[in-house]
Amino acid sequence: MWLVIPALPLAMVLWIALSLRILFDAQGATSQGSGPVAAAIGVGLILLTIRLLIQRTRLPSSVWIVGAGISAWTVLAFVYQGFSLEASGEGVRELSVVAAFAMGFILATSGRISGSNLLQYVVVLTLIPAMFAIIQFASGTGLLVAGAVRSNSFFVHPNSAAPFFAVGLCAAIVLADMRKDARSWITASICGVALLTTGSLAGVAAGIAGLVCYAFVRPGRVGAKVVMGLLAFLATGAFAVSPIGRERIASQARFDPSLYASQAATDGADSSLGWRLYNWYDYLQLWREQPIFGFGLGRTSAGDSATGTLPHNEYVRYLVETGLVGLVLLLAGVGLVLRALRKIRLTVPSPDLRFTAAAATCCVAAFMANGLAANTLMYSSASYSFAVILGGTFGLAHYTRSPTDLVVGHDTRDPVRHHVPAATVRDRARWSPDNRLAR
């Protein structure tokens, strides 16, 4: 395996690995961790990335810094808790997400794909699980959660399916906006409907946050931005009037603020919001024991909180596991990523890459919104898709970083001497200055 797989095209290997990760998401998984197949795929992504690095593939220094930070907090968990499956599993999970980012970066710098190819890559990955989720909803064969049937597709829970569909929706909407054909809009609609069928309030909020973000960061005319804003408004209304949306929103009416710091909030009479507030309150008490550097990765996966579950808030989880230092570094890293994506959108001449950077920005917004009430980064399939888009965007920016080689909307470099991607050469007519996306 170690010798054969790297000989295959990287895009194919990565697509197969992510597809298998989706199909086996629920196999052997629990609320506290993934099954053996998912763990093997995570380890495989890490090993494949190591193999590529042995071949002297270059990666940004930030990838090494993030990898070192994950390793350090994994070791810290071993110091406080001894060796545990929770700590080692979470370390491997997060390193595998970094590996997916690295593989997206390497794939983009290979000179074989364009930005639209990258988005299509993720959309195709999303399409089959999305259609299966819609079939589940139509046939009433989803997962029974708190008395309601919600679509979970191939995933262990609707909440883990939702951010995956949100990432696919962001990619599909941007791709449809770029191509402006009926097939692309139908694909985007499938991703959007699948997201709604999960009934995940945090997931739907993530999708809406991505659409609203795109309305602000979309390159081009103001009128097109307004259209995207209206699309986000319509999506919100569609969920609010749908049967599953009405049921989920009505369930929050049982929220009693006076119970948020009491075990009574978990007795089923209160809402999921009240349950989450109590859960966060309990974890914040735990954080006070190690406020600076936290307990290390995997501490919240042990299931020893008052509710016996994960935090359902990524900011609380990282506060407990990595302390104030880790949470500040995480938020600073997000800020640097958004700043870098903004620079790409404003300075890179290629419309294709500007739209891809806009899609990556929307995915960041979706993940940050979902992380307010879900275990977002612990949903490996969604994190992998997001990491591939983000890594691919920075890889394409790295590949076309010389502004003297480009004019607005048209790559004029010699294809042989400068090794211009074949996709870029084929799309020169599409991305010419006369194209409406370039205006």
* **Test set (1) surrounded by fewer than 22 Cβ atoms within 10 Å (Cβ to Cβ); (2) out of contact with any Phe, Trp or Tyr (no Cβ under 7 Å at 6 or more places or on another chain); (3) closer than 27 Å to ASN152 by Cβ; (4) of a type outside the set (S, T, N, Q) - PHE132 fails condition number** => (2)
* What pairs come up if the first residue lies in the stretch 299-319 and is outside any loop (DSSP other than H, G, I, E, B), the second is among the small types (Gly, Ala, Ser), and their beta carbons are under 6 Å apart, counting only those six or more places apart or on different chains? -> GLU314/GLY371; TYR318/GLY326
* To do: Within the stretch 320-333, identify whether any single residue is closer than 25 Å to PHE155 by Cα, at pLDDT 95 or above and of a type in the set (A, V, I, L, M, F, W, C), and answer yes or no.
  => no
* **Residue in the stretch 308-317 that is more than 25 Å from ALA202 (Cβ to Cβ), of a type in the set (Gly, Ala, Ser) and surrounded by fewer than 17 Cβ atoms within 10 Å (Cβ to Cβ) present** => no
* Structure fact -> Output for Cβ contacts, cut-off 7 Å, separation at least six or different chains, first residue among the acidic types (Asp, Glu) in the stretch 364-379, second surrounded by fewer than 24 Cβ atoms within 10 Å (Cβ to Cβ) and part of a helix (DSSP H, G or I), reads none
* Matching option when the condition is assigned to a helix (DSSP H, G or I), within 21 Å of THR322 (Cβ to Cβ) and among the aliphatic types (A, V, I, L, M), among VAL122, VAL92 -> VAL92
* To do: Select from the stretch 304-332 the residues that are under 19 Å from the mean Cα position of the chain (by Cα) and charged (D, E, K, R) and list them in ascending order.
  => GLU314, ARG317
* On the given criteria, is GLN81 surrounded by fewer than 20 Cβ atoms within 10 Å (Cβ to Cβ), touching a residue at least 12 places away in the same chain (Cβ under 8 Å) and closer than 22 Å to ALA166 by Cβ? -> no
* To do: Taking SER184 as the residue in question, decide whether it is surrounded by fewer than 24 Cβ atoms within 10 Å (Cβ to Cβ), touching a helix residue (DSSP H, G or I) at 6+ places or on another chain (Cβ under 6 Å) and at pLDDT below 95.
  => yes
* Could we say that GLU90 is touching a residue at least 60 places away in the same chain (Cβ under 8 Å), of a type in the set (Asp, Glu), crowded, with 19+ Cβ neighbours inside 10 Å and touching a Gly at 6+ places or on another chain (Cβ under 7 Å) here? -> yes
* Do we have any residue at all in the stretch 162-172 that's over 20 Å from LEU377 (Cα atoms), in a helix (DSSP H, G or I) and modelled with pLDDT of 95 or more? -> yes
* Structure fact -> Exactly one of ALA102, ALA68 is free of Cβ contacts under 8 Å to residues at least 24 places away in the same chain and either under 22 Å from SER350 (Cβ atoms) or among the small types (Gly, Ala, Ser) (or both), and that residue is ALA68
* Hey, SER301 under 21 Å from ALA374 (Cβ atoms), under 24 Å from the mean Cα position of the chain (by Cα) and either modelled with pLDDT of 80 or more or acidic (Asp, Glu) (or both) or not -> yes
* Can you find even one residue in the stretch 99-118 that is more than 30 Å from PRO60 (Cα to Cα) and either surrounded by fewer than 22 Cβ atoms within 10 Å (Cβ to Cβ) or out of contact with any Asp or Glu (no Cβ under 8 Å at 6 or more places or on another chain) (or both)? -> no
* **Selection count, the stretch 20-47, where residues are modelled with pLDDT of 90 or more and either touching a Ser or Thr at 6+ places or on another chain (Cβ under 9 Å) or crowded, with 17+ Cβ neighbours inside 10 Å (or both)** => 8
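The values are calculated or read from the model by the stated rules, or taken from the named source; none is laboratory data. Since this is a predicted model, take the numbers as computed values, not measurements. Don't worry about glycine lacking a Cβ; one is built from the backbone with ideal geometry, like all the others, and counts go over all protein chains shown.
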